[in-house]
Amino acid sequence: MGSDCGPGGSQSRAVWCAHVDGWTTLHTNCDQGQRPSNQRNCFRVCDWHKDLYDWKLGAWNECVPVSARTFGAPRQFTCSGGEEGIQTREVGCMLKTDGSPAEDAICEYFEPKPRLEQACLIPCPQDCVVSEYSPWTSCSKTCGTGLRNRVRSVLVPPLFGGAGCPNLTEFQSCKPGPCVGPEGLYSLRVGPWSPCALPPTRTARQAKRRKGKGQGLRERGGVKDPETRELIQKKRTRNRLNRQESPFWDIQVGHQTREVTCIHRNGSTVGRNLCIPRELPLTIQSCVLPKDCQVTEWTDWSSCSKTCVDPESLRGNRTRRRQVIQFPVGEGIECPLLEETESCEPQGGTVPPCASYTWRTTEWSDCRVDLLLSQQDRRRSNMTGLCGGGLQTREVYCVQANAELLKYLNNLKEKDKASRPVENKLCTGPVPNRSQRCQIPCPIDCEVSPWGAWGPCVFENCDDQTGKKGFKLRKRQITNEPTGGPGSCPHLVEAMPCDEPSCYKWQLVSLDQCVPDDGKQCGPGTQLPQVQCINSNGEPVDRSLCSSSAALEPVRCELPCARDCVLSDWTPWSTCSQTCSSKTVEGKQMRTRSILAYNAGEGGSLCPNSSALQEVRNCNEHACIVYHWQTGPWGPCTEDPSTASLNTSAGIRPTGDGQGLCSMGVQTRKVMCVRVNVGQVPPKKCPEGPRPSTMRPCQLPCKKDCIVTPFSDWTECLASCDAGGDAVKRKQSRRRLVIQKPSNGGQECPVVLEEERDCEVPKVCPGFRWKTHKWRKCQLVPWFLRKDTPGAQETCGPGLQTRAVSCRQLDGTQADISECLKSAKAMPTITQRCQLPCQDDCQLTNWSKFSSCTADCVGVRTRKRALIGRSKKKDKCKNTQMYPLSETQYCPCDKYNAQPVGKWSDCILPEGGRAESTAGMKVQGDVKECGQGYRYQAMVCYDQDNRLVETSRCNSHGYIEEACIIPCPSDCKLSEWSNWSRCSKSCGSGVKVRSKWLREKPYNGGRPCPKLDHINQVQVYEVVPCQSDCNQYVWVAEPWSVWKVSNVDLKENCGEGVQTRKVRCMLNTVDGPSEAVEDYLCDPEEMPLGARESRLPCPEDCVLNDWGPWSRCSVPCTRNNSRVRTAYTLRYPGVGRQCPEKSDKESCSLNLNCFNYFYNITDWSTCQLSPNAVCGSGIKTRMLDCVRSDGKSVDIKFCEELRLEKNWLMNVSCTVECPVNCQLSAWSTWSECSQTCGLDGKMRRQRSVVQASQGDGRPCPSQMEQWKPCPVRPCYRWQYSPWSECRVESVVCGHGTRYRNLSCFVSDGSSDGESSMVDEELCGSLELAVNGDKTIILKEACTLPCPGECYLMEWSDWSSCVNICVKGAGVDFVSVQVRSRAVLAQEPENLQLCPDQAWESQPCTGGECYEYKWLSSSRPNSSRPVVWCQRSDGLNVTGGCPAMNPPVDNSSCDPPCLMPKSFCSEAGICMCEEGFTEVLSPAGQLDQCAPIPILEIPTAGDKKGDVKTSRAINPTLPTTIQPGRTGRTWYLQPYGPAKSQRDLRDRGSRTTG
């Protein structure tokens, strides 16, 4: 890559000479001296240069107004929000290694050049805003001339060139009255204490004396007694602990001094004798020599807490520490942080990858349909045998999932390798579904056809035709194959014993015409039968099989002669009236014939009487005894002994899912012969042929053993201690989950799935505490230093004493001091002031404890002390007002008042639902979701002083509870299914319908109803196709009646006449028409005629029988086709007479006598489920219908005979959506209280949607979170009292001390709640800190000004945080807060000596964006209104409101503005010019315009000591550029040079007074 990349390359270009008009010319025509170069050096950029070069971005320059960059554009006069500007920066390409510049083209090769300028916004100048004045103080003097003042504070500092702050103090002279005596001119002033110093070293004589003293002690005889020696040793050890010999403290007691001077009222120092004689304050005292905290160097960083590699997981932490060598003593510098922590990632190539975690699941539970049932279904349905769509559940648990760890369960062999469950919170991915829909296949019921007709009497076995007994059989077929095969169908064959069986017989097909005997033309004759041989099933077979049966004889008949009576043929025998016969019931058959022509008067044979026109015979004379085989249910599949050895040798293995079929077995069932209506009979009674089998092979399912996970790790034992420091006994548990349940005789699950044990109790409770040792002797300032002090005595006076502090464990054993620094409370003080009493001092014992109270609120208690020694005899000590010896106080009045507070909680059901376990996440089962619960309201307890106390004081457990009801959801309730309607067609395919209607609407979140129609009925219906047998109802006509002749020839009895017959609609069965039904059930078009007119033949006329049926027209129908019908002669005519035509012919006419046929397919039915199914897989069906060309549905056989094509799918699977109720997780455990104390604490718990509702399932409730109040606990906190007045002992002024107390306060935690002081013991468990600040300061130096001095007040409190912004535009510049010091003076003549007022500001967060506006109101007894400026939070301020332009004429103000630096505003009010502030008279008029004092503050980093005024300095934004609103490109930068936040802090620290 070396020679191909980098510098040293060259670029070339073409250069030519061209005319100004653009055409090319010779090079010689151009000036050769001006010819551009056609080649230059270049830098060839390669991809690897990307790591060497990058863009260098300069800082954004000052924001310049856009108008300043536009030539001649005037600057805008007024500023509204901010001024648009532009800022630029330098951007260049550089070499990363040394920052040297490079060609831009190199960096542009990889990345476009960043922009060089951007829009910015210059904020408007912000004037100083100050508060209202405080009330006037009282006069500084009680006589003579003094001053009174009022002050105000700075609320917003001047920013971005805004106007400076006005005077913060206003003075008025005051004269309470003339002084009676001379005014006090002199004051005693106390100076500050000098730094603490060690006294001079002792003289050699003192050292020698001490040395001699020590030797004398050592020379004393030693103690030989061992017990005494041991006692002495213990005492020495104890004394050594009490001495300050710890290496952490080097305490040296020194001394410090101060001066006391006398000063004149004008500030000059004069002789002390001029001050009024009084007792002088201390000028020397003991002190602790200050020592700064000293610490060791940092230790090396600890190893990273994260010990594995995984970029996606959280980073680890590492720490380093340092130890304290010397603790701070006195006013020494406090210790810095002793521990540092930073985030880290483990380094090194051998770091293992982090453990990853993933979800695992147990096997799915059995599919359950009952979970989908509505309330209505649960109450009324049989819960057994449910099938169809259902739900199945499983548990989810978390395991470690690294590849090298144990693999998840795959097959039976790995049952011991199931992963160990871990805490669920370690898994972060989506939780697998804990429920899913499933399907239980619905058993298909067996459906059979109606019984067929009884067959002939046949031998049981036609191959063995011995015996004279046989059976008549009738059969039915399976129309719907059931689940599990035909074994569950009812019997399909019934047998009836009969006599004279035969397997084959002759069947009469037809009879030939009657042939008269002896060749005569008429008279008796015979008819030859035409027969065929049929078997027992009625099927034609070879004629030879009937050779053993007697052939049918010719039938005798009679052919009428010309004058004979003519009868019709016999009708076929009617259906037998009974299927069998008994003692009381016999079967009968009947046939009839009718008279077609009467005989002549003489010579012809007579017509028979009417009884001879019909015949009756017995039929089905066999007894009503019916037998059939009956089967029991198949037994369980058991191992077949005959194949057991084969299975073992074959080694059949199960499939991977454990559901495989392992070996073959057998099932058996009971088979018995049953007589109908009687019961079991011997097997010989039933025919052997249709006997069912009693055994069948089956497949044995594999055994499944229970599989459980290993036990999880034991839960953590967290050591905890009670208030007494004793360890609390706790338990730890572990659990395992069943991930596969046993089946088919597999190994059962273990009984113990969860174990619990006691945690090991720690010998020592974890925790550390400070132990303080005895105070050492009070150390006085050395006598040689204080002997010149008036009133000092050598052996008494004020001093200092120290003590040792050590770190202990809670059981008292020694611990390293760093442990207490980390976890114990604040370290106790190790020094304190002390007093060694002098002889003249009164010495008293300490106060005793208060006596006990006999009764609260009514009694008193006392405590006492006594004088000691010589004090008992001193009169001044006996003064009980100065030295009281007893104190009495009322007994505490402990009266408590309980009252409810806050709102009622949600209604919460009693605990008892199943909570989520740590090792497995379960789906909510039948957890109670409604019914009676309780709601809670917090109770608060107050004492007699209305202070919050623990609720136990009011004998309350913290709540009042009230029963409540969570209404149970009620599902939509429908009626039962109606009956099926009749099939919509009586012939062919129609539909039948059933429906439900609404009984009760849902409420309280129950299952919704299906869609309602316009009359509020539920559109729930089922439509299924139905098939009506076209031959179900048939017309049956009785024989024709006797002729009724119209023109009766009594001799001939012939001519025109009428015959009638009765036609009835009858139900058709396999045995023929059985019973009459309503006529509308039969097809009216098919109804036979009930009457006919015809001519009754006369004697000698030809007589024909009735016309036969019409022949069928050939399909398709055309006019060329025709159909015929025929008749034959029953009586030949006499001489000279002819017979009519014996055949009749007519053309085939479409839709009259000829029809085409085609299939019609019905619509799909609704999705049909099993009766025991709620939802899931079903089937939709449709049917074929045969339709005639005139649109009429006819029997399907018409289409089948034509063999029309049928390509339709008649059944298709479908799905009915399951109504899955919303499934929720169990409630989580209650959260920690939202507040550690106070009235408003809440505990919450959540639940989540495990399975959203589907279909018409019950929807999810809206309440996914519940809350209840926490027990009210008082909020205790440490709080400072206000600072005391500056105390300078017994003198008037000078350097003193002010104090404040640290007290325990209680409140109710609300923002507006008042705090009350309580006993400090109640804050004992709190860290000693005020508002998070652990540095407790209870005293500080202060200065009490002497009369005549002018001085700065203490700093005001920090103002509220103010955001300098553009209201409504969302543009924020800076948030700032400010505090100020006003000037105070006591003498009017010293005002010129006053220091300048001061203010300091600091950045803050969360500032409020305010607006300012002028307000006015009428002034009583004046026409001029009062005008003032008000901030949007309602605070009246000075500054901030827009400037008022002064009017041209001052005469509009009344009175006119005559004061210097004043002008008349637009509102007609005298106001002061910029830089001056208004001083008003008591009447509210402008009295003078006072100049605003200017505070000189050196600027940060200004080495020359230049000063700037407080009006000229702008606190600015941090140096980081802050973008503005989204969607705009403004970048905010202060107008003028950029300054950092440090400028603000520096200003405060350098503010001068």
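Leaving out ligands and nucleic acids, and using a 1.4 Å probe, what accessible area per residue does region 79-165 come to in Å²?
Accessible area per residue, region 79-165: 45 Å².
Quick one: if the Förster radius is 60 Å, what FRET efficiency do Thr466 and Trp714 give, using the C-beta to C-beta distance and rounding to 0.05?
After rounding, the FRET efficiency stands at 0.10.
Provide the FRET efficiency to the nearest 0.05 for the Ser848-Ala59 pair, computing r from the beta carbons and using R0 = 60 Å. Mind dumping the intermediate values first?
Details: r = 74 Å, r/R0 = 1.23.
Given R0 = 60 Å and the Cβ-Cβ separation, E is 0.25.
So how do 779-791, 796-808 stack up, highest first, on mean other-Cβ count within 10 Å?
796-808, 779-791
May I ask you to derive the FRET efficiency for Asp1357 and Gln889 from their Cβ-Cβ distance with R0 = 51 Å, giving the value to the nearest 0.05?
Values: r = 36 Å, r/R0 = 0.71.
For R0 = 51 Å, the calculated efficiency reads 0.90.
Starting from the Cα-Cα distance between Trp506 and Met882, subtract it from 0.36 nm times their residue separation and give me the gain in nm to one decimal.
My answer for the length gained is 120.0 nm.
Return the sequence-ordered ³J(HN,Hα) values of region 424-438 in whole Hz as given by the Karplus equation 6.51 cos²θ - 1.76 cosθ + 1.60 applied to θ = phi - 60°, using x for Gly and Pro.
The phi angles translate into 5, 5, 6, 8, 10, x, x, 6, x, 4, 9, 8, 8, 7, 9 Hz.
Let me cross-check Lys56: its accessible surface, 1.4 Å probe, with only protein heavy atoms counted, in Å² to the nearest 10?
Near enough 120 Å² of accessible area.
Just subtract the alpha-carbon distance of Gln944 and Val752 from 0.36 nm times their residue separation and send over the number in nm, one decimal.
Contour length minus Cα-Cα distance gives 63.5 nm.
Can you give me the accessible area per residue for region 739-836, using a 1.4 Å probe, in Å²?
In whole numbers, region 739-836 has 62 Å² accessible per residue.
For region 1101-1257, take the convex hull of the Cα atoms, compute a quarter of its surface area, and give me that in nm², please.
Quarter of the Cα hull surface area: 19.7 nm².
Hey, which aspartates and glutamates would be in cross-link range of Lys1142, C-alpha to C-alpha under 12 Å, not counting anything within fewer than 8 residues on its own chain?
Once the sequence-local aspartates and glutamates are set aside, what remains near Lys1142 is Asp1106.
What order do Glu950, Glu1056 take when sorted by accessible area (1.4 Å probe), most exposed first?
Working: Glu950 75, Glu1056 100 Å².
Ranked list, largest accessible area first: Glu1056, Glu950.
How do the peptides 1149-1155, 608-614, 1379-1385 rank, highest first, by the average count of neighbouring beta carbon atoms within 10 Å per residue?
1379-1385, 1149-1155, 608-614
Here is the link list: Lys777/Lys849; Lys992/Lys1206; Lys291/Lys774; Lys306/Lys704; Lys973/Lys1192. Which ones come out longer than 31 Å on Cα distance? If you can, show how the numbers build up before the last one.
Details: Lys777/Lys849 25 Å; Lys992/Lys1206 24 Å; Lys291/Lys774 22 Å; Lys306/Lys704 43 Å; Lys973/Lys1192 42 Å.
Cα-Cα > 31 Å for Lys306/Lys704; Lys973/Lys1192; rest within.
Given the peptides 524-537, 388-401, arrange them by the average over their residues of other C-beta atoms within 10 Å, most packed first.
Peptide ranking by packing, descending: 388-401, 524-537.
Gap in Å between the Cα centre of region 523-597 and the Cα centre of region 1137-1198?
Distance between centres, Cα-based: 34 Å.
Please list, or write none, the aspartates and glutamates whose alpha carbon is within less than 17 Å of the alpha carbon of Lys56, excluding same-chain residues fewer than 8 places away.
Cα-Cα hits under 17 Å: Glu90, Asp98, Glu103, Asp104, Glu108, Glu111, Glu117.
Going Cα to Cα from Lys878, which aspartates and glutamates come in below 18 Å? Please leave out same-chain ones fewer than 8 positions away.
Partners within reach: Asp840, Asp841, Glu887.
Within the set Lys731/Lys1334; Lys825/Lys1268; Lys475/Lys588; Lys731/Lys822, which residue pairs have Cα atoms separated by over 27 Å?
Lys731/Lys1334; Lys825/Lys1268; Lys731/Lys822
Could you rank Tyr1128, Tyr1412 by how accessible they are, 1.4 Å probe, largest area first? Please report the intermediate quantities before stating the final value.
Values: Tyr1128 70, Tyr1412 45 Å².
Largest accessible area first, the list is Tyr1128, Tyr1412.
If you count only protein heavy atoms and use a 1.4 Å probe, how large is the accessible surface of Trp364, to the nearest 10 Å²?
For Trp364, the solvent-accessible surface is approximately 70 Å².
Using Cα centres only, tell me the gap between region 1312-1335 and region 130-193 in whole Å.
Taking the Cα centre of each part, region 1312-1335 and region 130-193 sit 36 Å apart.
How much length is gained on full extension from Asn266 to Tyr1128, taking 0.36 nm per residue of separation minus their Cα-Cα distance? Could the numbers behind the result be given before it?
Values: separation 862, 0.36 × 862 = 310.32 nm, distance 16.91 nm.
Taking Asn266 through Tyr1128 to full extension adds about 293.4 nm, to one decimal.
The values are calculated or read from the model by the stated rules, or taken from the named source; none is laboratory data. A quick note: this is a predicted structure, and the numbers were derived from the prediction, not measured. Counting neighbours? That spans all protein chains shown, and the Cβs are built from the backbone with ideal geometry, glycine included. Just so you know, the surface numbers come from the protein's heavy atoms only, side chains and all, with ligands and any DNA or RNA stripped out. Shrake-Rupley method; radii C 1.70, N 1.55, O 1.52, S 1.80 Å.
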